[in-house]
Amino acid sequence: MANLGLSARSFLLGPLALALACGDGGGDGQDVSTNGASETSGEPTSAATLEDGSTAPASTSGGAEDSGSSGEPVDTAPDDADAVPLRISQYEVPTVETNYACFEFSFTLDQLGHVVGFVPHIDDVAHVHHFVLSKLDEPTGQSDGYQCFDLAGEMVWTWAPGGEEWWLPPEAGFLVGDGPGGVVTFRLQVHYNNPLGDAGVTDSSGLDLYVTKNLREHAAGTMVFGDIGGIAIPPGMPDYKHVATCTGQETAQILAEPMHVFGTSMHAHNIGSVLWSDVYRDGEKLYEMNRDDPYLFGSQHMNKVDLLVEPGDEVQTHCVYDSTDRTAVTIGGPGTENEMCWNVVNYWPRVPQPIDLCGSG
């Protein structure tokens, strides 16, 4: 594999160690790497679901017309990319039910690069609820495992149970090495779920980033269509529906040019039952971007697609919840007992001023 010219520089104050090497720095637990061959849940998709239930190839109107995509799914590590292992080091999981802990990793690049793949390594399968990986402008200087409910920096990648390795299409990558001195800083937010208050549990989860020096045609971005704060689900409802809308006015403000969506992943918590997103233009439904029916918390994955969202398009994210076992209102929030209604999308080209979340219910 290519030599990236990486030099190890850790700005962390705690015991978190950053090893920079090619190959797997993995630990025990659930290693979802498949040694270069992705075994993603579900088939890669390149077609949009139309209003009548039929499918249209991504190259048709309403899909990814003139998208510029190669159309070829990528399921292995590119030959020109090196693995950069990012690992938590023996973090003691708190005995509280919900804990959001953040860990920062910094390294330097001797030139600009693109992140083109992610391979999660889950050590503590029982307590790791999800990851959010963000790129920071600079290290914060906070110690390992600092509390962080916010989505600081620029969201790059997410993982939840069922998620596996993810490779970007050959025309896109997440830009790195553009900071002062070529320093790259990532923040890994880990949601730990410990409802039984298990004590003495440590975690060394993390991921491998795959970085190439061969810059690709487009800078990639990540954003979420959906809602958290507007969710309020009454108890005892088998099919309660929440719709989060990113309006045409909002997409017109966010997007300077069409958004080429190449990955989409639905996310809710324990009572989500069916999730999907629809794209509308001028009041007419164009296509269904993604659907999980049924939605299973333990089987979340990023679906490969090749779709266009134009400035002015409206994106509606629909979430159906089954609250028959709940005795109180379930509100939107970060805790496992709360709910979310998210569609996480990977796209190109990256918008000049990225936002993390667009939608309200």
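Close Cβ contacts (under 6 Å, 6 or more residues apart or on different chains) running from residues in region 116-133 that are among the small types (Gly, Ala, Ser) to residues that are not in a loop (DSSP other than H, G, I, E, B) comprise Gly117/Trp167; Gly117/Tyr210. Within region 237-250, residues that are polar (S, T, N, Q) reach partners that are surrounded by fewer than 16 Cβ atoms within 10 Å (Cβ to Cβ) with beta carbons closer than 7 Å, at six or more positions or on different chains, in the pairs Thr245/Ser360. Scanning region 194-207 for residues that are assigned to a strand (DSSP E or B) and either in contact with an Asp or Glu (Cβ under 7 Å, 6 or more places away or on another chain) or modelled with pLDDT under 95 (or both) returns Thr202, Asp203.
Checking each residue in region 333-361 for being part of a strand (DSSP E or B) and in contact with a helix residue (DSSP H, G or I) (Cβ under 7 Å, 6 or more places away or on another chain) picks out only Cys358. Of all residues in region 123-154 being hydrophobic (A, V, I, L, M, F, W, C) and surrounded by fewer than 22 Cβ atoms within 10 Å (Cβ to Cβ), which is farthest from Val201 (Cα to Cα)? So the residue we want is Leu136. Of all residues in region 75-94, those satisfying the criterion of being surrounded by 18 or more Cβ atoms within 10 Å (Cβ to Cβ) and charged (D, E, K, R) are Asp82, Arg87.
Consider Glu337 carefully, then state whether it is at pLDDT below 95, farther than 19 Å from Gly163 by Cβ, assigned by TED's automatic domain parsing to the domain that holds Asp227 and charged (D, E, K, R). Yes, satisfied.
The values are calculated or read from the model by the stated rules, or taken from the named source; none is laboratory data. Worth saying up front: this structure is predicted, and the values here are computed from it rather than measured. Note: ideal-geometry Cβ built from the backbone for every residue, glycine included; neighbour counts use all protein chains shown.
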